[in-house]
Amino acid sequence: MTRKILPLVLIGVLIFACGVWASRALFATETGGGQPVYATALVERGTIEVTVEGFGPVQPIYQSDIQAFTEGVVEEVFVDRGQMVTEGDIVARLRNDKLMVEIAQLSSQLEKARLELSAVLGVTPDRVTTVDANRGINVTAPCSGRIQDLQVAITDEVSEGTLLARIVDDSQIIILAEVNEHTFKNLREGQELNMQVEGFHGFITGKITELDPTPVPRSHSFLYRATIVAENTGLLKPGQVVRIEVPLDGGAFTLVSKIDRYRDEEVVRSPAEGTVTELPVKGWSVVEQGDVIAVLGGSTAQRYIKGRQLDIQDLEVELAQKQEELENLTIRSPITGVVAWIWANRGQQLRSGETLAMVMDQSKMSLNIQADELDVVYIREGQEARITVDAVPGQQFPARVERVDMMGQTNDGIATYNVNLLVEDTEVLRPGMTANVYIFVDSKEDVLLVPVEAIFDQDGQAMVEVIAANGRPEARPIEIGLINSRVAEVVSGLEEGEQVVTGSTFDRLEERADEGRGGNPLPGGPVMEKRI
């Protein structure tokens, strides 16, 4: 039993001795009786870059809801979710039968209105709305002939449809002769007949131009009509009795009839309201087709022309609106991008303004970060930046500051400002990804650098401790320039290759807390890089 216990006792004594020795060594160091261990770093040349950091979700700059601009039924959908589309590509097509009917009706009304005003103004239908309403209305002869029954005089006020005159072409007379079936069978078209007009001596020659085989009931029998045309010497007129010799087998038959009409006759009526300002013709004047026989003017005529022109323009506007609605039945993408969502299905009824798809442009994205009042003074529009996302490790994306708000929002006594950045080269990014932002503030190359842990403040002066030749640290004042979260630029006070203290077991930084070194900010330089 004794042999088993003895080794354990010896081990316990050894451990106790080691513990006592370590405690004494540590106590001696803390009370100045030993030498502390220093952590040091070399003063080296390098590049320093100062940035302001932040984070926020990336979002597309351009995204657009695609809406139906007119109601209709979805006839066809041409895209799928995730499909790339170019601005102007057809996304869907709608159908609206009611709209098609309305367009047809408006087109018919417009054409009719143009033709009617064209007849009044004597211009082609496409020019009716360009005519000056002050020029008046020319009433022209619809045919060649003589003016008969002139009904108006200068200064007369006329309304639309008022009879102005009749124009007759009396170069020929027309006789509609009615004969029985037996006589009708002995007649033929082109046959010449001798005729004598009552009250005139001698005969005139007429020619049968048409035989109508349709029987006309007269009293107790049926008669047939023959149209006879004869040249007019200028004295014959409708209503005069004429005797016609009709040759028959073995003799002739005299048929009594009347002159029915002249070769042509047109009634001229006022096409609009107005005042007769000119009357270039008189009764029985000979006119050619298209000659002006009266001019209507005055304020009444002007209002008439302008009113009809406005009616036509209203129809044109309404038709143009309907045709635009028709074009809008073909729905196109307003931007180039990716179809994020598509809600339309074939056969679905859509109302005007209803959203059927959404397209977003991922070629450029933006993100917003919040910069506090200490950092925002170093951020300017146009500054370069870079972002990283956890979803794409090891890759950086270039960015640029687009806008910095002039007015901040105060929360818990600290003002923050919205900073908007533009991100390019976004092919692998997805909207909504959280990005870490690094806004470039300033940089310098080939400058002396020391770790920020080596710098402390003493009465407003930046200081470091340098390892002297005897191996002991000596405090030295320095002038610093740019500072970030890792290193600081040394403008003066140090030489390349010197060693500076960054920490020690003696914890000299805490020992000098009462001397103003501990939590005081480092003097000089812009700001330390920090996460916002």
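The values are calculated or read from the model by the stated rules, or taken from the named source; none is laboratory data. Keep in mind the model is a prediction, meaning the values are calculated, not measured. Neighbour counts run over all protein chains shown; Cβ positions are idealised from the backbone, glycine included.
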**Message:** Being within 20 Å of Arg146 (Cβ to Cβ), crowded, with 19+ Cβ neighbours inside 10 Å, small (Gly, Ala, Ser) and in contact with a strand residue (DSSP E or B) (Cβ under 8 Å, 6 or more places away or on another chain): is that true of Ala272 here?
**Reply:** no
**Asked** Would you say Leu482 is under 19 Å from Glu44 (Cβ atoms), in contact (Cβ under 8 Å) with a residue 24 or more places away in the chain, surrounded by 12 or more Cβ atoms within 10 Å (Cβ to Cβ) and under 58 Å from the mean Cα position of the chain (by Cα)?
**Response** yes
**Message:** Going residue by residue through region 292-311, is there one that turns out to be closer than 30 Å to Glu76 by Cα, surrounded by 15 or more Cβ atoms within 10 Å (Cβ to Cβ) and over 18 Å from the mean Cα position of the chain (by Cα)?
**Reply:** no
**Message:** Name the single residue that is farthest from the chain's Cα centre (by Cα) among those in region 96-131 being surrounded by 12 or more Cβ atoms within 10 Å (Cβ to Cβ) and in a loop (DSSP other than H, G, I, E, B).
**Reply:** Gly122
**Asked** So which residues in region 191-222 are aliphatic (A, V, I, L, M), at pLDDT below 95 and more than 22 Å from Lys237 (Cβ to Cβ)?
**Response** Val216
**Message:** Between Pro238, Pro247, Pro280, which is under 30 Å from Gly307 (Cα atoms), surrounded by fewer than 19 Cβ atoms within 10 Å (Cβ to Cβ) and assigned by TED's automatic domain parsing to the domain that holds Val179?
**Reply:** Pro280
**Asked** Restricted to region 202-224, and to residues that are among the aromatic types (Phe, Trp, Tyr) and either in a strand (DSSP E or B) or touching a residue at least 12 places away in the same chain (Cβ under 8 Å) (or both), which residue is surrounded by the most Cβ atoms within 10 Å (Cβ to Cβ)?
**Response** Tyr224
**Message:** When the residues of region 60-81 are narrowed to those that are polar (S, T, N, Q) and modelled with pLDDT of 90 or more, which ends up farthest from Ser366 (Cα to Cα)?
**Reply:** Thr70
**Complete:** Per the list (1) more than 60 Å from the chain's Cα centre (by Cα); (2) in contact (Cβ under 8 Å) with a residue 40 or more places away in the chain, residue check on Gln289 breaks on (1)
**Message:** So, Glu87, is that one acidic (Asp, Glu) and either in a strand (DSSP E or B) or surrounded by 17 or more Cβ atoms within 10 Å (Cβ to Cβ) (or both) or not?
**Reply:** no
**Prompt:** Quick check: is even one residue across region 317-331 part of a strand (DSSP E or B) and over 52 Å from the mean Cα position of the chain (by Cα)?
**Reply:** no
**Complete:** Taking region 285-311 and keeping only residues that are in a helix (DSSP H, G or I) and among the acidic types (Asp, Glu), one is left with Asp311
**Message:** Which pairs turn up if I take residues in region 108-126 that are in contact (Cβ under 8 Å) with a residue 12 or more places away in the chain and look for partners that are hydroxyl-bearing (Ser, Thr, Tyr) and in a helix (DSSP H, G or I) with beta carbon separation below 8 Å, at least 6 apart in sequence or on another chain?
**Reply:** Pro125/Ser118
**Asked** Restricting attention to region 356-372, does a residue exist that is assigned to a loop (DSSP other than H, G, I, E, B), outside the structural domain of Pro125 (by TED's automatic domain parsing) and charged (D, E, K, R)?
**Response** no
**Qualifying residues in region 57-84 (those that are in contact with a Ser or Thr (Cβ under 7 Å, 6 or more places away or on another chain) and part of a strand (DSSP E or B)) - the one nearest to Pro473 (Cα to Cα)** = Pro57
**Request:** Identify, by number, the condition in (1) surrounded by 15 or more Cβ atoms within 10 Å (Cβ to Cβ); (2) over 10 Å from Thr70 (Cβ atoms) that Lys322 doesn't meet.
**Result:** (2)
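Okay, residues lined up against (1) closer than 30 Å to Ile387 by Cα; (2) surrounded by 20 or more Cβ atoms within 10 Å (Cβ to Cβ); (3) free of Cβ contacts under 8 Å to residues at least 40 places away in the same chain; (4) of a type in the set (Phe, Trp, Tyr):
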{"site": "Glu327", "(1), (2), (3), (4)": "no, no, yes, no"}
{"site": "Thr336", "(1), (2), (3), (4)": "yes, no, no, no"}
{"site": "Trp341", "(1), (2), (3), (4)": "yes, no, no, yes"}
{"site": "Gln349", "(1), (2), (3), (4)": "no, no, no, no"}
{"site": "Gln362", "(1), (2), (3), (4)": "yes, yes, no, no"}
